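Okay, structure first, notes after.
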Amino acid sequence: MRSSVSPVKTAEHQTGAKTGAGTKTVVIKGAGVAGLALTYELATRGVAVTVVDPSGPGPKSASWYAGGMLAPWCERENAAEDVLLLGKEAVSWWETVLPGHVHPNGTLVVAPPRDRQELSRFASRTSCYDWIDGADVGELEPDLAGRFSKALFFKDEAHLDPRKALTALKGKLEKLGVRFCQAPAEVQAGAEIEVDCTGMKALETGLRGVRGEMAILHAPDVTLSRPVRLLHPRIPVYIVPRDNHHFMVGATMIESDQGGPVTVRSLMELLNAAYAVHPAFAEAQIVETGTGVRPAYADNFPQVRQDGNRLSLNGFYRHGFLLAPSMAQRAANQILSTCNEAKT
């Protein structure tokens, strides 16, 4: 087990926090969720930051295909305790940084009748949930009334739309004076620190790829207000609501660093799971399919690595939006410490 973890607070809400006034430019490579969260933590402490990314937040980033679930208690089912300890601060961080983007409606965990034992197994590995019956399921999600007789409800969890969040965060950073450019040649000389947040593009040892596949469906006859996780012994699937009856259905976890289109097998499994949650998904339109290769270390936990004035923030596995706030704060503290040491 790692050392104890301190709670996360945004730089705007830290009392007596050090500022980076007077430091030279910090260059951050990568405009995914890790890079933008770190940029925010530095910019709000007075550090001049330049972000380098050929495409900015967009389809070439694994963050673009994320579910956006801020679900630390659910993730504890197969993740280390540190994911829970750091992740449970994520909801307040995102609410503070991007007011109105977080939907604090909790998470509903269900299972088909034949797999009901999976609910008990899931409950034994998690905490902070309520066992609810079919009537409660129908009250929370009227469209699921009568479909599940038992479920777990994690009321303290939340979700956001990753694409809207990344776009809004970039806009906020630009207002804070952060410079975005597409090529390293555009970066002004004299940066004190360079941070690599490029995920699988990073030239770094110890990383492996975990392929995640997803689909976005438009189902006008389905309304859900919170993520629904459907348990299955082989491939658990989640359905996350987006705007205007759109739903993100994901995601596979395949040990592979190969990108490319979604496989037929994966798409069939995702769509079958959606149909098991609600038959009206059979009439949904497949708006988009996508694949993101997520970087991970051996323990599936992110790391801040440093070699002189070069750092990396990487290895978020499937927990990018959940752990980026706390890891960004950790990296920002380390960067400011390095800058201060260089001046003495």
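The values are calculated or read from the model by the stated rules, or taken from the named source; none is laboratory data. No experiment lies behind these values; they were computed from the predicted model shown. Backbone-built Cβ (ideal geometry, glycine too); neighbour counts: all protein chains shown.
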Does Arg330 fit the bill of being under 16 Å from the mean Cα position of the chain (by Cα) and either surrounded by 18 or more Cβ atoms within 10 Å (Cβ to Cβ) or assigned to a helix (DSSP H, G or I) (or both)?
no
Across (1) touching a Lys or Arg at 6+ places or on another chain (Cβ under 6 Å); (2) surrounded by fewer than 18 Cβ atoms within 10 Å (Cβ to Cβ); (3) in contact (Cβ under 8 Å) with a residue 60 or more places away in the chain, Val287 clears everything bar (1)
Scan region 191-227 residue by residue and report those that are more than 28 Å from Gly260 (Cβ to Cβ), out of contact with any Gly (no Cβ under 9 Å at 6 or more places or on another chain) and hydrophobic (A, V, I, L, M, F, W, C).
Ala191, Ile193, Val222, Leu224
Here the qualifying pairs (Cβ atoms under 8 Å; residues six or more apart or on different chains; first in region 103-116 and touching a residue at least 24 places away in the same chain (Cβ under 8 Å); second among the hydroxyl-bearing types (Ser, Thr, Tyr)) come out as His103/Ser225; Asn105/Ser225; Val109/Tyr129; Pro113/Ser149
Would you please name the residue that is nearest to Leu323 (Cα to Cα), looking only at residues in region 66-78 that are assigned to a helix (DSSP H, G or I) and touching a Gly at 6+ places or on another chain (Cβ under 8 Å)?
Pro72
Go through region 245-264 and count every residue that is under 23 Å from Asn300 (Cβ atoms) and not in a loop (DSSP other than H, G, I, E, B).
5
Buried (at least 16 other Cβ atoms within 10 Å of the Cβ), among the aliphatic types (A, V, I, L, M), closer than 30 Å to Phe301 by Cα and touching a strand residue (DSSP E or B) at 6+ places or on another chain (Cβ under 8 Å): does that describe Ala215?
yes
Val287: on the phi < 0 side of the Ramachandran plot, of a type outside the set (D, E, K, R) and assigned to a loop (DSSP other than H, G, I, E, B), yes or no?
no
Looking at (1) assigned to a loop (DSSP other than H, G, I, E, B); (2) crowded, with 23+ Cβ neighbours inside 10 Å, find the lone condition where Thr39 falls short.
(1)
Contacts under 6 angstrom Cβ, first residue in region 131-149 being in contact (Cβ under 8 Å) with a residue 24 or more places away in the chain, partner among the polar types (S, T, N, Q), 6 or more apart:
Asp143/Thr223
State the number of residues belonging to region 300-314 that are among the charged types (D, E, K, R) and out of contact with any Asp or Glu (no Cβ under 9 Å at 6 or more places or on another chain).
1
So which of Leu313, Leu271, Leu267 ends up being aliphatic (A, V, I, L, M) and either part of a strand (DSSP E or B) or assigned by TED's automatic domain parsing to the domain that holds Gly199 (or both)?
Leu313
Output yes when any residue across region 103-124 is within 23 Å of Met327 (Cβ to Cβ) and either in contact with a Phe, Trp or Tyr (Cβ under 8 Å, 6 or more places away or on another chain) or surrounded by 20 or more Cβ atoms within 10 Å (Cβ to Cβ) (or both), and no when none is.
yes
Kindly list the number of the only condition in (1) in contact with a Cys (Cβ under 8 Å, 6 or more places away or on another chain); (2) within 21 Å of Leu70 (Cβ to Cβ) that fails for Ser312.
(2)
Hey, which of the helices (runs of 4 or more DSSP H) in region 79-159, taking only ones fully inside, have at least 2 residues that are modelled with pLDDT of 95 or more and of a type in the set (Gly, Ala, Ser)?
90-97, 117-124, 134-140
I'm trying to understand the selection: among the residues of region 255-274, which are surrounded by fewer than 16 Cβ atoms within 10 Å (Cβ to Cβ), in contact (Cβ under 8 Å) with a residue 12 or more places away in the chain and either of a type in the set (Lys, Arg) or over 16 Å from Val287 (Cβ atoms) (or both)?
Glu255, Ser256, Asp257, Gln258, Gly259, Gly260, Thr263
